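Participant: I am attaching a structure below and will ask some questions about it afterwards.
No value in this document is a laboratory result; all are computed from the given coordinates. Owing to the predicted nature of the structure, the values given are computational and were not obtained by experimental measurement. Glycine gets a Cβ as well: all are built from the backbone with ideal geometry, and neighbour counts include every protein chain shown.
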């Protein structure tokens, strides 16, 4: 039982990370039906920005938690700005193009950003200061859940709740939902669609940055390639939960995290990804729009 | 008018340069080491960034203007753009035949004109031409987005490598087998995904590709795991053994024949009954079914046909590199093949060929830029897509001219 | 119908024409390169992953070669000829490795440092062998590369899987006296090769039992599940085959979960980056590697030069790459030319002072004179375990 719980919490913290990144995929997809392959790279850029801020502030001798907070905020701003710019350069000119064209420019963007960071910084792994302190009261639960795991889980829950609130009740949130449902109609009722799309990219990208900084600080290292696998997994999670649905991203992330964790624990980590993808295939066969996705009838 | 435009572009470019410099400032300028607590400032980079992005922005806006102005003419949704003068000229048999003859002659003479390196990378490009044309059937014609195409390629490659290792089967014996195995796996993948549409299909095929790779990586007893299989025999020719450069030339001719065959087959397929069914399937599944087309059969056939070519190419690939391991069959490879199809022009055979040449040869010829080549490669993909979203060579649909005199009024 | 068919073929023709343009230019350049190569330059190809996910293992080698070349050139070159470094990226992919190899062969380069990954090396070696090119790898550890005897043109400055895995396993059972060992690897050809030879060695030694043998996905965001599994297996020692990023993530998470058992790893972990990324958690980690004496003046200077020229600490396999570059350039100097047989003979007979010791190569191509030892991280530094 203890072993089961340990694996359960491992999966929970891993799943929360996937969920945080998956939000960006799911939001963008919901609005413009594009798999934003460069999203993993935005996560990576967030982590790098966090590292630079942390480096500057550690040199000044600030306390760890303050550094963490500022690093997260600055990383969010920069990742948001990157997301905005990426959309303007690579996707906006393709809004009326065939459906696969933006997908290819997204793959190009992903390759470009990886190599840009590699050249601007370094190809090697860089140490990232571990800014999350080990809280005293968590000590006795450490074999289940560390402080940083807890922080990651709590953050993703808070973010998820805030985002849901934002989408449901604010003006921009409503505009987003309207655009997602029918872009042309939204335009007709006076929604500035360009603005909505930009806002979506900015929000999705800054959420990825939160994940980037927290995970980097948890793992103690980053390099230019960390976005690729994280992005691929998060994308899987988004589809699993039902792409376009925000609670779906959370659920998908958790299901994916647990699958990997239990597969590792009870079978073999050699095949954890095989199990993850098999689960995905099975779920999509029985629920072709994901766990919480809307099962839409085909219009005739 | 023109000067106004120029002034506007100039202003926009200044803004863009400032914005991009702000954006890239932390990563380009600052380098930190949090262990030694050192910070390196590289302000020179900011200057380059400012100047560089200004120039690029100027070019970008200039091209965007041209694109948008041009777009007003041929961007109309419902008309097939009139064929350009160039393509009419090309379609003229008097021009096309000699050109074709010359091209063929050149291709045949190629290994004798250029070095082994040139031949070698041309083989790679030709392999990708066939892969692109194969995927074009699934994606371009039938509209089924497949992100795990590389799995079939892996199936062919491992089929040859393993059969060669265990039973010393030759290239020619395994070649048809590779195709059959590819088709078999295509159908295997096709069945579970029949109900899925669009991007859900994409992620399941992606998952399938990854599963195949992971199994090859972890199942040591079967596939030798990550250390791969080496010393795979090159193709034989009635017991003649070749040196490396002779073998390269030989494989080149095999590939050349293969490409011609593939072009022929795919061109015929496109205009066949099943090809029409695929096109209908791509445009509207329900309408297609209503027209009496068996959707299931058409989809499975699309997967199987596409996968067959990948299976063939896998065998050639294994024979060419003489060594394979799972590192060659990652998701990025599938993405590259898809990029060939989309960049070249979905559904267009010359487009796919051009796309394969561009994407496979560009990184090779950019070796001179060494570390910058992948950066430029990514940028090229974006630029081509932005300025030619239909692909380099747009697929032209066959237009049937029907006499449209309404029957009732005479 | 006919028209379209013709158009397709015309497409091929056009693409072909395009090729002529590019090809011609390239050919001319090649000729120019040849002309100069024979007269006043010695061109050394450096092949390996220089972009993509494994670039961090390939670029340090390029840097090492550049540094050695710079030093040699500052002293007037080899026999009056300047050394030039020609980088060739293969992204550690077999097919790109064959392209890189044929490119080097076509440019008449007959000295190569590389490739980085065993897989890429295996794909490229037949081409080099056919063209009589000397290849020295700083990091291709696959046992069969030298031990099979298939490749007389191949040399390496790193010890191979069998030696490394065995060294780690023997250290664990004979010195640490552990009874239950968990072996973890990164599913790569390097890590898994080492993990497997460690497993074989432990099974033959019969003193310790292998309780867990698992691969992890490199680049994963979290390894806590596998750490829990190690804990659950009751292992009292972990042997890890792979590179430093995963090693550092695992050791950090092991300590977080209160699992403090010895951690034994390989050459890929015995780099300073590991100590930096794992921080305090690196303390006590064992890693096998070539013996680099603390007062080795060459290595100290190499690190200084690297910091000066590239603004950072050297990365993985840097000492081995530095040694390979030195050995190669020395052999050319001793042979008096770049002739294949002469250089190969010189590599096998002439000792060179390098960061990894005073070395030459045996008949199979493995380095002699590299003393192989176990290191432990103490106070933020790798120190020799006596």
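Participant: Rg and Dmax of the stretch C:162-266, using alpha carbons, in Å: what are they?
Facilitator: Expressed in Å, the Cα Rg and Dmax of the stretch C:162-266 come to 12.3, 36.
Participant: Another question about this same structure. Counting other beta carbons within 10 Å of each residue's own, what order do A:57, B:376 fall into, fewest first?
Facilitator: Fewest to most other Cβ atoms nearby, the residues stand as B:376, A:57.
Participant: In addition: Hey, what does the equivalent ellipsoid look like for the protein assembly as shown, semi-axes from the Cα gyration tensor as sqrt of 5 times each eigenvalue, largest first, whole Å?
Facilitator: 44, 38, 29
Participant: Measuring from a point 7 Å past the Cα of residue B:42 along Cα-to-C-beta, which residues in the stretch A:211-253 have an amide N at less than 15 Å?
Facilitator: Label zone hits: A:224.
Participant: Okay, moving on. Working from the alpha-carbon coordinates of the stretch A:97-189, get Rg over Rh, Rh being the Kirkwood radius.
Facilitator: On the Cα set of the stretch A:97-189, Rg over Rh gives 1.16.
Participant: Hey, another quick one. For every helix of n ≥ 4 consecutive DSSP H residues, a contribution of -39,500 (n - 2.57) applies; sum these over chain C, divide by its total residues, and give [θ] at 222 nm rounded to the nearest 500 deg cm²/dmol.
Facilitator: Value at 222 nm, helices only, nearest 500: -16000 deg cm²/dmol.
Participant: Something else about it: 222 nm [θ] for chain B, helices only, -39500 (n - 2.57) per DSSP H run of 4+, per residue, to 500?
Facilitator: My calculation for chain B gives -24000 deg cm²/dmol from helical runs alone.
Participant: Give me Rg over Rh for the stretch A:226-300, both radii from the alpha carbons and Rh done the Kirkwood way, two decimal places.
Facilitator: Checking Rg against Rh, the ratio lands at 1.03.
Participant: Given points 7 Å out from each Cα along the Cα-Cβ axis, report the residue A:5 to residue C:147 separation in nanometres with one decimal.
Facilitator: With each label placed 7 Å out from Cα toward Cβ, I get 4.7 nm.
Participant: On the first, second and third principal axes, largest extent first, how far apart are the outermost C-alpha atoms of the stretch A:149-300 in Å?
Facilitator: Projected onto its principal axes, the Cα set of the stretch A:149-300 covers 54, 41, 26 Å.
Participant: Principal axes first, then extents: for the Cα atoms of the stretch A:111-158, list largest minus smallest coordinate on each axis, whole Å, largest first.
Facilitator: So the extents along the principal axes, rounded to whole Å, are 43, 23, 16.
Participant: Compute from the Cα atoms of the stretch C:56-112 the Rg and the Dmax, the latter being the longest Cα-Cα distance, and quote both in angstrom.
Facilitator: Gyration radius and largest Cα-Cα distance of the stretch C:56-112: 13.0, 38 Å.
Participant: Hey, what's the Cα Rg ratio for the stretch B:257-300 versus the globular rule of thumb, 2.2 N^0.38 Å?
Facilitator: 1.32
Participant: Also: Using a Gaussian network model of chain A with C-alpha springs under 10 Å, which one of A:116, A:18, A:78 is most mobile by mean-square fluctuation?
Facilitator: Greatest mean-square fluctuation among the candidates belongs to A:116.
Participant: Using the eigenvalues of the Cα gyration tensor, what equivalent ellipsoid semi-axes result for the stretch C:260-332 when each is taken as the square root of five times the eigenvalue, whole Å, largest first?
Facilitator: Result for the stretch C:260-332: semi-axes of 26, 15, 10 Å.
Participant: Give me the percent relative contact order of the stretch A:44-165, please, defined on Cα pairs under 8 angstrom at least 6 residues apart.
Facilitator: 24
Participant: Taking Cα atoms of the stretch B:104-144, Rg/Rh with Kirkwood Rh, to two decimals?
Facilitator: Ratio of gyration radius to Kirkwood radius for the stretch B:104-144: 1.20.
Participant: Further question on the same structure: Over the stretch B:2-69, what per residue volume does the convex hull of the Cα atoms give, in whole Å³?
Facilitator: 72
Participant: So for each of B:286-298, A:195-207 I average, over its residues, the number of other beta carbons within 10 Å; can you give me the resulting order with the highest mean first?
Facilitator: Result, highest mean Cβ count within 10 Å first: A:195-207, B:286-298.
Participant: Follow-up question, since we're still on this one. When only C-alpha pairs under 8 Å and at least 6 residues apart count, what is the relative contact order of chain A, in percent?
Facilitator: Contact order relative to length: 36 percent.
Participant: Taking only the alpha carbons of the stretch B:295-392, what extent do you get along each of the three principal axes, in Å, biggest first?
Facilitator: For the stretch B:295-392, the Cα extents along the three principal axes come out at 46, 37, 22 Å.
Participant: State, to one decimal in nm², a quarter of the convex hull surface area for the C-alpha atoms of chain B, i.e. the direction-averaged projected area.
Facilitator: Dividing the Cα hull surface by four gives the mean projection, 29.6 nm².
Participant: I've got another one for you. Under the definition of partner shielding as Cβ atoms of other protein chains within 10 Å of a residue Cβ, what is the mean value for peptide A:51-60?
Facilitator: The per-residue average across the peptide is 5.
Participant: With the Cα gyration tensor of the stretch C:89-178 in hand, convert its eigenvalues to equivalent ellipsoid semi-axes via √(5λ) and list them largest first in whole Å.
Facilitator: 31, 12, 9
Participant: Can you tell me the convex hull volume per residue for chain A, based on C-alpha atoms, in Å³ to the nearest whole number?
Facilitator: Enclosed volume per residue, from the Cα hull, is 145 Å³.
Participant: On to the next question. So how do A:143, B:124 line up by other beta-carbon neighbours within 10 Å, fewest first?
Facilitator: Lowest count first: A:143, B:124.
Participant: What list do you get for B:199, C:339, A:273 if you sort them by fewest beta carbons within 10 Å?
Facilitator: Ordered by Cβ neighbours within 10 Å, fewest first: C:339, B:199, A:273.
Participant: Regarding the stretch B:104-174, what's the average projected area of the Cα-atom convex hull, expressed in nm²?
Facilitator: Mean orientational projected area (the stretch B:104-174, Cα hull): 6.8 nm².
Participant: Given the rule -39500 (n - 2.57) for each run of at least 4 DSSP H residues, summed and divided by the residues of chain A, what is its mean residue ellipticity at 222 nm, to the nearest 500 deg cm²/dmol?
Facilitator: After summing the helix terms and dividing by the residues of chain A, the value is -24000 deg cm²/dmol.
Participant: Another question, if that's okay. Normalized C-alpha radius of gyration of chain C, against 2.2 N^0.38 Å?
Facilitator: Cα Rg divided by the expected 2.2 N^0.38 Å: 1.07.
Participant: Quote the relative contact order of chain B in percent (integer), defining contacts as alpha-carbon pairs under 8 Å separated by 6+ residues.
Facilitator: Relative contact order for chain B comes out at 23 percent.
Participant: Count, for each residue of B:17-28, the Cβ atoms from other chains sitting within 10 Å of its Cβ, then give me the mean as a whole number.
Facilitator: Across B:17-28, the average partner-chain Cβ count within 10 Å equals 4.
Participant: Taking beta carbons within 10 Å but only from partner chains, what does the mean come to for residues A:282-289?
Facilitator: The mean count of partner-chain Cβ atoms within 10 Å per residue comes to 4.
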